[in-house]
Amino acid sequence: MAAAAEGGGGGCAGRRYWRWSKADFFPEPSFRSWRAYGGALASTFPRLRDRVASRSSEAVEAGTLLAQSENPLRRCLSWVDLAFLGFGSVVGSGVFVLTGQEARFDAGPAIPFAYAAAGFSALLSSFCYAELATEIPSAGGSFAYLRVELGDLAAFLAAGNILLEAVVGAAGLGRSWTSYLAALIGRDSDALRIHVPALAEGFNLLDPIAVVVLIATSALAVSGARLTSTINSCASVVGIAIIAFVLAVGFSHFEPANLAPSFFPFGAAGVFRAAAVVYWSYTGFDMVATMAEETKNPGRDVPLGLISSMSAITVVYCAMSLALVGMQRYSDIDANAAYGVAFAAKGMKWARYIVALGALKGMTSGLLVGALGQARYTTQIARTHMIPPYFALVHPRTGTPIYATVAVTLGAACVALFSSLDVLASVSSISTLFIFALVAVALLVRRYYVAGTTSPAELRKFLFFLALIVLSSIGLSVYYNSSQAGKWPGYVAFGAVWAAGTAGLALCAKRQREPKVYGVPLMPLLPAMSVATNLFLMGSLGSMAYLRFGICTVVMLVYYMLFGVHATYDMAHSGEEIASAAAAIDSTEQGKIVPVSTPPPIGSSAS
């Protein structure tokens with residue numbers, strides 16, 4: 001794609017930022033006329049083979065594609081900023097909402113172990129993100145990593161899930177914000193919503209407050225990364241003070257008898273069910289990776305910011321959940337307002353307002369940082385033309401992608417207005433876990449495969465061991481959720497296969513590349529564990545989550561076949577004659593796994 005981007009409608013000096021034309025949305029030759037589009041559709045499968053086999057490069061994702069935005073994102077963040085952004089994006093309402101629910105119905109007093117298990121999985125993913133962000137410091141985060149290592153199709157599926165997660169996650173936080181505002185003023189959680197009986201259940205409580213909050217936080221996000229980071233850091237100090245209050249009060253009323261008679265009343269199965277649910281409390285840290293393009297020293301700052309924030313958050317979550325079950329017996333915990341009711345039982349009814357304020361602060365920070373990260377994801381996706389490049393444009397004065405921010409915000413606002421939280425949560429969780437698993441696989445590919453360098457024998461060896469890791473992880477997850485879950489031989493068998501795959505990579509496969517600045521320790525163990533834990537947690541989600549995920553995936557693939565494959569193909573090929581000099585230096589199409597011949601032109605309008 002290189003500077004072929006220019007041929008696909010890239011930046012042009014002197015153009016106004018505020019513009020709206022067909023050429024801004026569909027600049028590719030395949031969409032110049034209905035005849036050209038018909039010719040493109042006729043060449044769908046050759047083009048699909050080309051896009052599946054092709055790989056981008058680090059230089060393209062973090063360099064060449066930036067021209068599509070016409071103006072640069074500004075490098076203004078340090079590792080401290082990133083650590084606070086990580087804290088702000090992760091510590092939202094989840095720990096206040098989900099802890100009581102999962103302690104009451106799934107984990108009991110063992111809820112800290114559920115948070116530890118989910119936090120361990122999230123920390124493994126953060127290690128993978130940290131290395132890839134230093135190697136490919138792009139605003140695209142996981143999308144850019146997958147384009148470089150796994151190709152366009154895998155990156156597109158990730159892109160679709162990233163955008164789905166962005167919209168659904170922001171909508172969920174917006175509706176939670178309304179619920180906690182109602183609690184803060186002593187009203188029922190749905191009291192501030194508008195009931196419309198004519199609409200279906202789950203979609204009949206309109207939430208205009210959530211819409212206003214989403215628009216307000218996004219307006220702050222487009223004002224600039226530096227200002228947004230400063231506001232988030234100040235808000236995070238308030239959040240830390242509230243968490244300190246919860247821990248101090250909780251442990252001052254801690255009663256060991258509340259952990260008896262059984263610490264694991266629902267068994268290990270209950271702990272893992274709870275871990276799959278509370279994992280939602282850890283999501284958002286990947287937003288930090290999208291800020292690499294705006295970080296002063298990404299090679300140092302991104303790993304420090306990511307890993308320090310995630311480590312601290314895991315400790316805080318475990319401590320907060322232990323304080324809750326120590327204050328009140330798990331069977332007496334109120335699933336909907338756990339901390340507020342527990343404080344009231346100790347004669348501190350006023351404390352529920354502090355809890356509600358803490359949750360509101362967390363959700364506001366989550367929305368603010370989410371608006372930053374989601375817009376950066378969208379910007380990089382648009383730079384590749386998987387979605388219209390109009391959304392890649394960066395405003396020259398603010399240095400922020402206003403169009404991308406507005407697009408995500410409007411989508412989230414429409415969903416938040418109608419959809420209930422239970423409809424939103426399962427879709428968001430499965431999308432997140434799927435992307436995290438793909439990122440771990442991409443890191444293994446990066447370390448063990450380099451196109452043009454890795455011999456066919458080494459490639460076959462690597463793919464064999466990688467298949468053992470992935471398939472055994474899927475098998476373990478399926479077995480755990482089957483009727484045979486109580487029998488140990490299955491765990492031994494799948495665990496042995498996973499261990500064989502991991503050991504095979506470590507001892508028999510030759511590493512083809514070492515990181516330039518920061519590398520995941522204990523390679524390949526940690527990425528292999530990340531694959532296993534994310535797939536395992538995916539298996540703990542209900543069938544409805546998979547049904548919704550499947551429907552969304554089918555819709556994404558239909559879009560890709562009708563639009564994405566043609567736009568990205570044109571982006572990679574049709575501008576070559578315009579940008580041949582730059583392409584000779586840095587072609588995005590370097591590193592194909594197998595030679596793929598370029599399909600014939602689709603006609604004069606696409607030539």
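Positive contributions from Lys and Arg (+1) and negative ones from Asp and Glu (-1), summed over other residues with Cβ under 14 Å from the Cβ of residue 461, come out at +3. The angle separating the long axis of helix 298-327 from the principal Cα axis of greatest extent in the chain is about 20 degrees.
Among 520-526, 240-246, 412-418, sorting by the average number of other beta carbon atoms lying within 10 angstrom of each residue, highest first, gives 412-418, 520-526, 240-246. Annotation: residue 498 carries an accessible surface of approximately 50 Å², with a 1.4 Å probe and no ligand, DNA or RNA atoms counted. Net charge in the neighbourhood of residue 397 (other residues with Cβ under 15 Å of its Cβ; Lys, Arg +1, Asp, Glu -1) is +3.
In Å², and per residue, what accessible area does the chain have when probed at 1.4 Å with the other protein chains present?
With the other protein chains kept in place, the chain gives 37 Å² per residue.
Give the carbon-plus-sulfur fraction of the accessible surface of the stretch 363-493 in %, rounded to a whole number; probe 1.4 Å, heavy atoms of protein chains only.
That fraction is 75 percent.
Each stretch of four or more DSSP H residues adds -39500 (n - 2.57); spread over every residue of the chain, this sum gives -21000 deg cm²/dmol at 222 nm.
Can you give the angle from 0 to 90° between the axis of helix 421-448 and the longest principal axis of the chain, with both taken from C-alpha atoms, to the nearest 10? Its long axis makes an angle of about 50 degrees. When restricted to Cα atoms, the stretch 114-247 yields an Rg and a Dmax of 19.1, 53 Å, respectively.
The tail of the calculated P(r) for the chain, taken as Cα-Cα distances beyond 33 Å, holds 44 percent of the pairs. Quick one: pull the percentage of alpha-carbon pairs in the stretch 74-434 with a separation above 26 Å. Everything past 26 Å amounts to 48 percent. Just to confirm the number: angle between the C-alpha axis of helix 488-507 and the first principal axis of the chain, 0 to 90 degrees, nearest 10? Relative to the chain, helix 488-507 is tipped by roughly 40 degrees. With a cut-off of 11 Å between beta carbons, the residues surrounding residue 156 carry a summed charge of +1, where Lys and Arg count +1 and Asp and Glu -1.
Sorting the segments 502-515, 133-146 by their mean number of nearby beta carbons within 10 angstrom, highest to lowest, gives 133-146, 502-515.
Surface composition of the stretch 20-132: carbon plus sulfur atoms contribute 68% of the solvent-accessible area (1.4 Å probe, protein chains only, all chains present).
Going by the alpha-carbon gyration tensor, a ≥ b ≥ c the square roots of its eigenvalues, is the stretch 168-211 rounded (a/c under 1.5) or, if a/c is not under 1.5, prolate (a/b greater than b/c) versus oblate? Verdict is oblate for the stretch 168-211. Subtracting the Cα-Cα distance of residue 559 and residue 230 from their residue separation scaled by 0.36 nm leaves 114.6 nm.
The values are calculated or read from the model by the stated rules, or taken from the named source; none is laboratory data. Everything numeric in this text was worked out from a predicted model, so none of it was measured. Don't worry about glycine lacking a Cβ; one is built from the backbone with ideal geometry, like all the others, and counts go over all protein chains shown. We work out accessible area using only protein heavy atoms, side chains counted, and drop any ligands, DNA or RNA first. Shrake-Rupley method; radii C 1.70, N 1.55, O 1.52, S 1.80 Å.
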